[in-house]
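Structure record follows, encoded as C-alpha coordinates.
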Amino acid sequence: MDIATLVMTAVVLRCGNVREAARQLGRAPSTLSAAVKRFERSIAAPLLNRVGAASFLTLEARRMLDEIEAAADVAMGMIAPDRAGDAARAFCAECDVSLTALQRVALVAETGSVRRAARIIRLGQPQLARQIARVEDELGSVLFHRSRIGVTPTPACQLLVTSLAELEKTMQRLSRRARERFRSTNATIRLGAVMPLGHESNVARLLAFLVAAWQRDRPTQPLFVTNGTAEDLLTGLKDKRCDVALIDSDTIPADVSSRALVRSKLVVVGARGVLGDQPDVMQVLRQQPLALPSRRTGLGQAAHKLLAQLLPQAEIDALTITEIDSIPIIANLMLDFGFVSVLPESALVSFDARLVALPVDPGLELILSLVWVQTEGARRGARSILAALRNYAPATPAAAMMVNSD
(Lines give C-alpha, C1' and ligand atoms only; values in the text may rest on other atoms or scores of the structure.)
Protein backbone atom coordinates (compact mmCIF):
# COMPACT_ATOMS: atom_id res chain seq x y z
CA MET A 1 0.00 0.00 0.00
CA ASP A 2 1.28 3.47 -0.87
CA ILE A 3 0.10 6.98 0.01
CA ALA A 4 -1.02 7.79 -3.54
CA THR A 5 -3.22 4.67 -3.69
CA LEU A 6 -4.86 5.50 -0.36
CA VAL A 7 -5.57 9.14 -1.21
CA MET A 8 -6.79 8.46 -4.75
CA THR A 9 -9.13 5.74 -3.45
CA ALA A 10 -10.55 8.08 -0.81
CA VAL A 11 -11.21 10.77 -3.43
CA VAL A 12 -12.91 8.28 -5.76
CA LEU A 13 -15.17 7.02 -2.97
CA ARG A 14 -16.07 10.55 -1.87
CA CYS A 15 -16.88 11.58 -5.46
CA GLY A 16 -18.79 8.37 -6.07
CA ASN A 17 -17.18 7.71 -9.45
CA VAL A 18 -13.77 7.57 -11.09
CA ARG A 19 -14.24 10.27 -13.73
CA GLU A 20 -15.16 13.06 -11.33
CA ALA A 21 -12.28 12.10 -9.02
CA ALA A 22 -9.90 12.14 -12.01
CA ARG A 23 -11.11 15.62 -12.94
CA GLN A 24 -10.55 16.91 -9.40
CA LEU A 25 -7.05 15.44 -9.13
CA GLY A 26 -6.01 16.13 -12.70
CA ARG A 27 -5.09 12.49 -13.24
CA ALA A 28 -6.09 9.97 -15.90
CA PRO A 29 -9.23 7.94 -15.01
CA SER A 30 -7.27 4.73 -15.70
CA THR A 31 -4.73 5.73 -13.04
CA LEU A 32 -7.44 6.18 -10.40
CA SER A 33 -9.23 3.00 -11.46
CA ALA A 34 -5.98 1.03 -11.03
CA ALA A 35 -5.45 2.62 -7.60
CA VAL A 36 -8.90 1.53 -6.41
CA LYS A 37 -8.26 -2.01 -7.64
CA ARG A 38 -4.97 -2.11 -5.70
CA PHE A 39 -6.76 -0.92 -2.58
CA GLU A 40 -9.54 -3.49 -3.08
CA ARG A 41 -6.93 -6.26 -3.25
CA SER A 42 -5.21 -5.02 -0.09
CA ILE A 43 -8.41 -5.09 2.00
CA ALA A 44 -10.03 -8.06 0.19
CA ALA A 45 -13.28 -6.16 -0.39
CA PRO A 46 -14.98 -4.75 -3.52
CA LEU A 47 -15.46 -0.97 -3.37
CA LEU A 48 -16.81 -0.23 -6.85
CA ASN A 49 -19.38 -1.96 -9.01
CA ARG A 50 -18.24 -1.48 -12.60
CA VAL A 51 -20.77 -1.50 -15.44
CA GLY A 52 -19.11 -0.63 -18.73
CA ALA A 53 -17.53 2.80 -18.36
CA ALA A 54 -19.70 3.65 -15.34
CA SER A 55 -19.01 2.77 -11.71
CA PHE A 56 -20.80 3.17 -8.40
CA LEU A 57 -20.04 2.42 -4.76
CA THR A 58 -20.74 -0.98 -3.22
CA LEU A 59 -22.48 -1.23 0.13
CA GLU A 60 -19.14 -2.30 1.62
CA ALA A 61 -17.54 0.91 0.31
CA ARG A 62 -20.25 3.01 1.93
CA ARG A 63 -19.66 1.25 5.25
CA MET A 64 -15.91 1.78 5.05
CA LEU A 65 -15.93 5.29 3.57
CA ASP A 66 -15.47 7.24 6.83
CA GLU A 67 -12.55 5.08 7.93
CA ILE A 68 -10.81 5.25 4.54
CA GLU A 69 -11.24 9.01 4.45
CA ALA A 70 -9.88 9.27 8.00
CA ALA A 71 -6.79 7.31 6.94
CA ALA A 72 -6.35 9.56 3.91
CA ASP A 73 -6.65 12.70 6.08
CA VAL A 74 -3.94 11.39 8.41
CA ALA A 75 -1.73 10.59 5.42
CA MET A 76 -2.19 14.07 3.92
CA GLY A 77 -1.42 15.74 7.23
CA MET A 78 1.73 13.63 7.49
CA ILE A 79 2.95 13.96 3.89
CA ALA A 80 1.79 17.47 3.04
CA PRO A 81 1.52 19.40 6.35
CA ASP A 82 2.00 22.76 4.62
CA ARG A 83 -0.80 22.14 2.11
CA ALA A 84 -4.54 21.95 2.57
CA GLY A 85 -7.66 20.80 0.71
CA ASP A 86 -7.31 20.14 -3.00
CA ALA A 87 -3.61 21.06 -2.98
CA ALA A 88 -2.84 18.42 -0.34
CA ARG A 89 -4.89 15.78 -2.15
CA ALA A 90 -3.26 16.53 -5.50
CA PHE A 91 0.23 16.38 -3.98
CA CYS A 92 -0.40 13.11 -2.12
CA ALA A 93 -2.06 11.54 -5.17
CA GLU A 94 1.35 11.67 -6.84
CA CYS A 95 3.33 10.58 -3.77
CA ASP A 96 4.78 7.20 -4.65
CA VAL A 97 5.82 6.32 -1.10
CA SER A 98 4.80 3.02 0.45
CA LEU A 99 3.80 2.47 4.06
CA THR A 100 6.71 0.05 4.31
CA ALA A 101 9.15 2.81 3.36
CA LEU A 102 7.61 5.13 5.95
CA GLN A 103 7.86 2.41 8.60
CA ARG A 104 11.56 2.09 7.79
CA VAL A 105 11.99 5.85 8.18
CA ALA A 106 10.35 5.56 11.62
CA LEU A 107 12.72 2.72 12.56
CA VAL A 108 15.77 4.78 11.57
CA ALA A 109 14.43 7.67 13.67
CA GLU A 110 13.94 5.32 16.62
CA THR A 111 17.39 3.72 16.43
CA GLY A 112 19.25 6.89 15.41
CA SER A 113 21.29 4.88 12.92
CA VAL A 114 20.76 3.68 9.37
CA ARG A 115 23.20 0.84 9.99
CA ARG A 116 21.36 -0.44 13.10
CA ALA A 117 17.95 -0.15 11.41
CA ALA A 118 19.25 -2.04 8.37
CA ARG A 119 20.55 -4.81 10.61
CA ILE A 120 17.16 -5.13 12.39
CA ILE A 121 15.19 -5.55 9.15
CA ARG A 122 17.98 -7.57 7.51
CA LEU A 123 18.43 -5.14 4.66
CA GLY A 124 21.66 -3.82 3.21
CA GLN A 125 22.67 -0.42 4.64
CA PRO A 126 23.17 1.19 1.19
CA GLN A 127 19.76 -0.03 0.07
CA LEU A 128 18.06 1.43 3.16
CA ALA A 129 19.93 4.71 2.77
CA ARG A 130 18.79 4.99 -0.85
CA GLN A 131 15.21 4.27 0.17
CA ILE A 132 15.26 7.05 2.78
CA ALA A 133 16.76 9.46 0.27
CA ARG A 134 14.01 8.58 -2.19
CA VAL A 135 11.34 9.27 0.46
CA GLU A 136 12.92 12.64 1.16
CA ASP A 137 12.92 13.41 -2.54
CA GLU A 138 9.24 12.45 -2.91
CA LEU A 139 8.22 14.55 0.11
CA GLY A 140 10.51 17.46 -0.70
CA SER A 141 11.67 17.47 2.93
CA VAL A 142 14.85 16.60 4.81
CA LEU A 143 14.01 13.92 7.34
CA PHE A 144 17.37 13.46 9.08
CA HIS A 145 20.39 15.49 10.08
CA ARG A 146 23.28 13.19 9.31
CA SER A 147 26.60 13.04 11.23
CA ARG A 148 29.48 10.64 11.72
CA ILE A 149 27.84 9.15 14.83
CA GLY A 150 24.35 8.64 13.37
CA VAL A 151 21.23 10.50 12.32
CA THR A 152 18.86 12.86 14.12
CA PRO A 153 15.23 13.26 12.99
CA THR A 154 14.15 16.70 11.82
CA PRO A 155 10.80 18.24 12.90
CA ALA A 156 9.32 17.03 9.61
CA CYS A 157 10.43 13.48 10.45
CA GLN A 158 9.07 13.72 13.99
CA LEU A 159 5.64 14.76 12.62
CA LEU A 160 5.78 11.89 10.13
CA VAL A 161 6.60 9.32 12.82
CA THR A 162 3.82 10.56 15.13
CA SER A 163 1.22 10.56 12.35
CA LEU A 164 2.39 7.19 11.01
CA ALA A 165 1.39 5.47 14.25
CA GLU A 166 -2.17 6.79 13.88
CA LEU A 167 -2.27 5.81 10.20
CA GLU A 168 -1.08 2.29 10.99
CA LYS A 169 -3.87 1.84 13.57
CA THR A 170 -6.50 2.85 11.01
CA MET A 171 -5.05 0.57 8.35
CA GLN A 172 -4.85 -2.29 10.84
CA ARG A 173 -8.56 -1.88 11.56
CA LEU A 174 -9.31 -2.06 7.85
CA SER A 175 -7.05 -5.09 7.44
CA ARG A 176 -8.59 -6.84 10.45
CA ARG A 177 -12.06 -6.40 9.00
CA ALA A 178 -10.76 -7.71 5.69
CA ARG A 179 -9.34 -10.82 7.39
CA GLU A 180 -12.60 -11.42 9.26
CA ARG A 181 -14.55 -10.96 6.05
CA PHE A 182 -12.19 -13.34 4.24
CA ARG A 183 -12.59 -16.00 6.94
CA SER A 184 -16.36 -15.66 6.81
CA THR A 185 -16.46 -15.75 3.01
CA ASN A 186 -13.98 -18.61 2.86
CA ALA A 187 -16.05 -20.66 5.33
CA THR A 188 -19.41 -19.97 3.69
CA ILE A 189 -20.86 -22.61 1.39
CA ARG A 190 -22.69 -20.82 -1.44
CA LEU A 191 -25.54 -22.96 -2.77
CA GLY A 192 -27.52 -21.94 -5.83
CA ALA A 193 -30.89 -23.61 -6.35
CA VAL A 194 -33.60 -23.57 -8.98
CA MET A 195 -36.71 -21.61 -8.06
CA PRO A 196 -39.22 -23.73 -6.10
CA LEU A 197 -42.60 -24.26 -7.78
CA GLY A 198 -44.36 -23.47 -4.50
CA HIS A 199 -43.87 -23.76 -0.75
CA GLU A 200 -44.90 -27.44 -0.84
CA SER A 201 -42.82 -28.29 -3.90
CA ASN A 202 -40.01 -30.78 -3.67
CA VAL A 203 -37.31 -28.12 -4.13
CA ALA A 204 -38.78 -25.94 -1.36
CA ARG A 205 -39.11 -28.87 1.04
CA LEU A 206 -35.63 -30.16 0.25
CA LEU A 207 -34.05 -26.74 0.79
CA ALA A 208 -35.94 -26.21 4.05
CA PHE A 209 -34.81 -29.65 5.27
CA LEU A 210 -31.23 -28.84 4.28
CA VAL A 211 -31.13 -25.43 6.00
CA ALA A 212 -32.62 -26.83 9.23
CA ALA A 213 -30.21 -29.78 9.25
CA TRP A 214 -27.27 -27.49 8.45
CA GLN A 215 -28.09 -25.08 11.27
CA ARG A 216 -28.41 -27.98 13.69
CA ASP A 217 -25.25 -29.83 12.67
CA ARG A 218 -23.00 -26.97 11.46
CA PRO A 219 -23.95 -23.85 13.43
CA THR A 220 -20.56 -22.17 12.93
CA GLN A 221 -20.39 -22.64 9.14
CA PRO A 222 -22.65 -20.30 7.14
CA LEU A 223 -24.77 -21.66 4.29
CA PHE A 224 -25.84 -19.04 1.76
CA VAL A 225 -28.71 -20.07 -0.55
CA THR A 226 -29.70 -18.15 -3.66
CA ASN A 227 -32.11 -18.93 -6.49
CA GLY A 228 -31.94 -18.76 -10.27
CA THR A 229 -32.58 -20.64 -13.47
CA ALA A 230 -30.53 -23.72 -14.34
CA GLU A 231 -28.61 -21.66 -16.92
CA ASP A 232 -27.88 -18.91 -14.36
CA LEU A 233 -26.70 -21.43 -11.80
CA LEU A 234 -24.35 -23.24 -14.18
CA THR A 235 -22.90 -19.86 -15.14
CA GLY A 236 -22.59 -19.06 -11.44
CA LEU A 237 -20.51 -22.19 -10.94
CA LYS A 238 -18.18 -21.12 -13.73
CA ASP A 239 -17.61 -17.60 -12.45
CA LYS A 240 -17.45 -18.72 -8.80
CA ARG A 241 -20.61 -16.96 -7.61
CA CYS A 242 -21.67 -20.28 -6.10
CA ASP A 243 -19.78 -23.42 -5.07
CA VAL A 244 -22.59 -25.94 -5.40
CA ALA A 245 -25.88 -25.83 -7.31
CA LEU A 246 -29.17 -27.69 -7.18
CA ILE A 247 -30.44 -27.83 -10.75
CA ASP A 248 -33.22 -29.55 -12.68
CA SER A 249 -31.40 -29.84 -16.00
CA ASP A 250 -30.22 -33.07 -17.57
CA THR A 251 -27.62 -31.10 -19.54
CA ILE A 252 -24.71 -31.01 -17.12
CA PRO A 253 -21.25 -29.86 -18.31
CA ALA A 254 -18.54 -32.48 -18.32
CA ASP A 255 -16.19 -30.36 -16.22
CA VAL A 256 -18.39 -30.39 -13.09
CA SER A 257 -19.31 -33.23 -10.76
CA SER A 258 -22.93 -34.14 -10.09
CA ARG A 259 -25.17 -36.38 -8.01
CA ALA A 260 -28.80 -37.06 -9.02
CA LEU A 261 -31.05 -36.64 -5.97
CA VAL A 262 -34.76 -36.64 -6.79
CA ARG A 263 -36.87 -37.60 -9.79
CA SER A 264 -40.45 -36.73 -10.66
CA LYS A 265 -42.54 -37.64 -13.72
CA LEU A 266 -43.62 -34.88 -16.06
CA VAL A 267 -47.36 -34.51 -16.64
CA VAL A 268 -49.61 -32.21 -18.65
CA VAL A 269 -51.43 -29.89 -16.25
CA GLY A 270 -54.51 -27.74 -16.74
CA ALA A 271 -57.78 -26.67 -15.18
CA ARG A 272 -60.25 -29.45 -14.46
CA GLY A 273 -62.76 -27.88 -16.82
CA VAL A 274 -60.22 -27.90 -19.67
CA LEU A 275 -58.78 -31.40 -19.20
CA GLY A 276 -61.87 -33.17 -17.92
CA ASP A 277 -63.41 -33.61 -21.36
CA GLN A 278 -60.10 -34.09 -23.18
CA PRO A 279 -58.33 -37.19 -21.80
CA ASP A 280 -56.23 -37.41 -24.95
CA VAL A 281 -52.91 -35.71 -24.09
CA MET A 282 -51.88 -34.98 -27.67
CA GLN A 283 -55.30 -33.56 -28.51
CA VAL A 284 -55.03 -31.24 -25.51
CA LEU A 285 -51.58 -30.05 -26.61
CA ARG A 286 -52.81 -29.38 -30.14
CA GLN A 287 -55.92 -27.43 -29.08
CA GLN A 288 -54.96 -25.46 -25.95
CA PRO A 289 -52.42 -22.63 -25.61
CA LEU A 290 -49.29 -23.71 -23.75
CA ALA A 291 -47.55 -21.82 -20.94
CA LEU A 292 -44.09 -23.27 -20.35
CA PRO A 293 -40.97 -22.22 -18.42
CA SER A 294 -38.27 -20.94 -20.77
CA ARG A 295 -35.43 -23.08 -22.06
CA ARG A 296 -33.12 -21.24 -19.63
CA THR A 297 -34.65 -23.47 -16.95
CA GLY A 298 -34.19 -27.21 -16.61
CA LEU A 299 -37.96 -27.63 -16.42
CA GLY A 300 -38.39 -25.68 -19.66
CA GLN A 301 -35.80 -27.84 -21.39
CA ALA A 302 -37.54 -31.00 -20.16
CA ALA A 303 -40.97 -29.72 -21.24
CA HIS A 304 -39.77 -29.03 -24.79
CA LYS A 305 -38.06 -32.41 -24.83
CA LEU A 306 -41.38 -34.05 -23.90
CA LEU A 307 -43.18 -32.19 -26.69
CA ALA A 308 -40.59 -33.43 -29.16
CA GLN A 309 -41.21 -36.96 -27.87
CA LEU A 310 -44.98 -36.69 -28.34
CA LEU A 311 -45.44 -34.61 -31.48
CA PRO A 312 -43.73 -34.23 -34.87
CA GLN A 313 -41.81 -30.97 -35.37
CA ALA A 314 -44.37 -29.60 -37.82
CA GLU A 315 -47.10 -29.87 -35.20
CA ILE A 316 -44.85 -28.37 -32.50
CA ASP A 317 -44.20 -25.38 -34.78
CA ALA A 318 -47.97 -24.88 -35.04
CA LEU A 319 -48.53 -24.84 -31.27
CA THR A 320 -49.26 -21.63 -29.36
CA ILE A 321 -46.47 -21.53 -26.77
CA THR A 322 -45.77 -18.75 -24.30
CA GLU A 323 -42.58 -19.02 -22.24
CA ILE A 324 -42.83 -17.59 -18.72
CA ASP A 325 -40.34 -18.10 -15.91
CA SER A 326 -42.96 -17.63 -13.20
CA ILE A 327 -44.94 -20.60 -11.94
CA PRO A 328 -47.62 -18.44 -10.20
CA ILE A 329 -48.35 -16.70 -13.53
CA ILE A 330 -48.48 -20.05 -15.33
CA ALA A 331 -50.90 -21.33 -12.67
CA ASN A 332 -53.21 -18.34 -13.17
CA LEU A 333 -53.09 -18.76 -16.95
CA MET A 334 -54.20 -22.36 -16.50
CA LEU A 335 -56.96 -21.50 -13.98
CA ASP A 336 -58.42 -18.43 -15.65
CA PHE A 337 -57.50 -18.50 -19.34
CA GLY A 338 -57.55 -22.13 -20.50
CA PHE A 339 -53.77 -22.60 -20.83
CA VAL A 340 -52.10 -25.94 -20.13
CA SER A 341 -48.52 -26.62 -19.07
CA VAL A 342 -45.97 -29.37 -18.56
CA LEU A 343 -44.86 -29.70 -14.94
CA PRO A 344 -43.47 -32.33 -12.56
CA GLU A 345 -46.24 -34.40 -11.00
CA SER A 346 -44.85 -33.74 -7.53
CA ALA A 347 -45.54 -29.99 -7.96
CA LEU A 348 -49.32 -30.51 -8.00
CA VAL A 349 -49.48 -30.72 -4.20
CA SER A 350 -48.70 -26.99 -4.02
CA PHE A 351 -51.28 -25.99 -6.67
CA ASP A 352 -54.95 -25.13 -6.59
CA ALA A 353 -57.19 -28.22 -6.41
CA ARG A 354 -58.89 -27.05 -9.61
CA LEU A 355 -55.74 -28.02 -11.51
CA VAL A 356 -55.43 -31.64 -12.57
CA ALA A 357 -52.83 -33.69 -14.44
CA LEU A 358 -52.87 -36.01 -17.41
CA PRO A 359 -50.18 -38.71 -17.34
CA VAL A 360 -47.94 -39.00 -20.36
CA ASP A 361 -46.95 -42.31 -21.89
CA PRO A 362 -44.12 -42.89 -22.56
CA GLY A 363 -43.12 -40.71 -19.66
CA LEU A 364 -40.23 -38.36 -19.08
CA GLU A 365 -38.73 -37.57 -15.70
CA LEU A 366 -37.42 -34.30 -14.31
CA ILE A 367 -34.28 -35.00 -12.30
CA LEU A 368 -33.04 -32.73 -9.54
CA SER A 369 -29.24 -32.94 -9.24
CA LEU A 370 -26.56 -31.47 -7.02
CA VAL A 371 -23.61 -30.21 -9.09
CA TRP A 372 -20.31 -28.67 -8.02
CA VAL A 373 -17.06 -27.40 -9.47
CA GLN A 374 -13.76 -29.24 -9.25
CA THR A 375 -12.23 -27.41 -6.29
CA GLU A 376 -11.49 -28.82 -2.87
CA GLY A 377 -13.75 -26.26 -1.16
CA ALA A 378 -16.67 -27.09 -3.46
CA ARG A 379 -16.12 -30.83 -2.99
CA ARG A 380 -16.19 -30.40 0.78
CA GLY A 381 -19.35 -28.33 0.49
CA ALA A 382 -21.04 -30.92 -1.72
CA ARG A 383 -20.11 -33.73 0.69
CA SER A 384 -21.51 -31.71 3.59
CA ILE A 385 -24.77 -31.00 1.75
CA LEU A 386 -25.19 -34.64 0.75
CA ALA A 387 -24.58 -35.70 4.35
CA ALA A 388 -27.20 -33.22 5.59
CA LEU A 389 -29.72 -34.65 3.08
CA ARG A 390 -29.06 -38.26 4.09
CA ASN A 391 -32.43 -38.63 5.84
CA TYR A 392 -34.49 -36.48 3.47
CA ALA A 393 -37.54 -38.11 1.90
CA PRO A 394 -39.82 -36.44 -0.68
CA ALA A 395 -43.21 -35.49 0.73
CA THR A 396 -45.20 -36.97 -2.16
CA PRO A 397 -45.14 -40.41 -3.78
CA ALA A 398 -44.87 -38.63 -7.14
CA ALA A 399 -41.24 -37.84 -6.34
CA ALA A 400 -38.54 -40.22 -5.20
CA MET A 401 -34.97 -40.06 -3.94
CA MET A 402 -32.75 -41.62 -6.57
CA VAL A 403 -29.68 -42.48 -4.52
CA ASN A 404 -28.46 -42.55 -0.97
CA SER A 405 -26.56 -39.37 -0.19
CA ASP A 406 -23.49 -41.20 1.12
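Which is of a type outside the set (Ser, Thr, Tyr) and at pLDDT 90 or above, of Ala84, Ala106, Ala178?
Ala106
Just need a number here: residues in the stretch 277-294 that are surrounded by fewer than 18 Cβ atoms within 10 Å (Cβ to Cβ) and under 18 Å from Val194 (Cβ atoms).
Qualifying residue count for the region: 1.
Regarding Arg272, is this residue of a type in the set (Lys, Arg), surrounded by fewer than 17 Cβ atoms within 10 Å (Cβ to Cβ) and assigned by TED's automatic domain parsing to the domain that holds Tyr392?
no
Return the pair list, or none, for Cβ contacts closer than 7 Å from residues in the stretch 209-225 that are farther than 13 Å from Ala387 by Cα to residues that are modelled with pLDDT under 90 and among the hydroxyl-bearing types (Ser, Thr, Tyr), at least 6 apart or on different chains.
Within 7 Å, the pairs are Pro222/Ser184; Pro222/Thr188; Phe224/Thr188.
What number goes with the only condition from (1) closer than 28 Å to Ala353 by Cα; (2) buried (at least 18 other Cβ atoms within 10 Å of the Cβ); (3) touching a strand residue (DSSP E or B) at 6+ places or on another chain (Cβ under 9 Å) that Lys265 does not pass?
(2)
Restricting to helices (runs of 4 or more DSSP H) lying wholly in the stretch 95-142: which have 2 or more residues that are loosely packed, with under 13 Cβ neighbours inside 10 Å?
125-139
How many of the residues in the stretch 243-255 are more than 18 Å from Arg296 (Cα to Cα), buried (at least 18 other Cβ atoms within 10 Å of the Cβ) and hydrophobic (A, V, I, L, M, F, W, C)?
Matching residues across the stretch 243-255 total 1.
Answer yes or no: is there a residue in the stretch 162-182 that is more than 16 Å from Met1 (Cα to Cα), touching a Leu at 6+ places or on another chain (Cβ under 6 Å) and either acidic (Asp, Glu) or part of a helix (DSSP H, G or I) (or both).
No, there is no match, as no residue in the stretch 162-182 is more than 16 Å from Met1 (Cα to Cα), touching a Leu at 6+ places or on another chain (Cβ under 6 Å) and either acidic (Asp, Glu) or part of a helix (DSSP H, G or I) (or both).
Can you tell me how many residues within the stretch 112-130 are free of Cβ contacts under 8 Å to residues at least 12 places away in the same chain and either touching a Leu at 6+ places or on another chain (Cβ under 6 Å) or among the small types (Gly, Ala, Ser) (or both)?
Total satisfying the criteria: 2.
Quick test for you: out of Gln309, Gln287, pick the one residue that is without any contact (Cβ under 8 Å) to a residue 12 or more places away in the chain and more than 18 Å from Ile247 (Cβ to Cβ).
Numbers: Gln309 fails: without any contact (Cβ under 8 Å) to a residue 12 or more places away in the chain.
Checking each option against the conditions leaves just Gln287.
The values are calculated or read from the model by the stated rules, or taken from the named source; none is laboratory data. Given the structure is predicted, the values throughout are model-derived calculations rather than measurements. Here the Cβ is made from the backbone with ideal geometry for all residues, glycine too, and neighbour counts use every protein chain on show.
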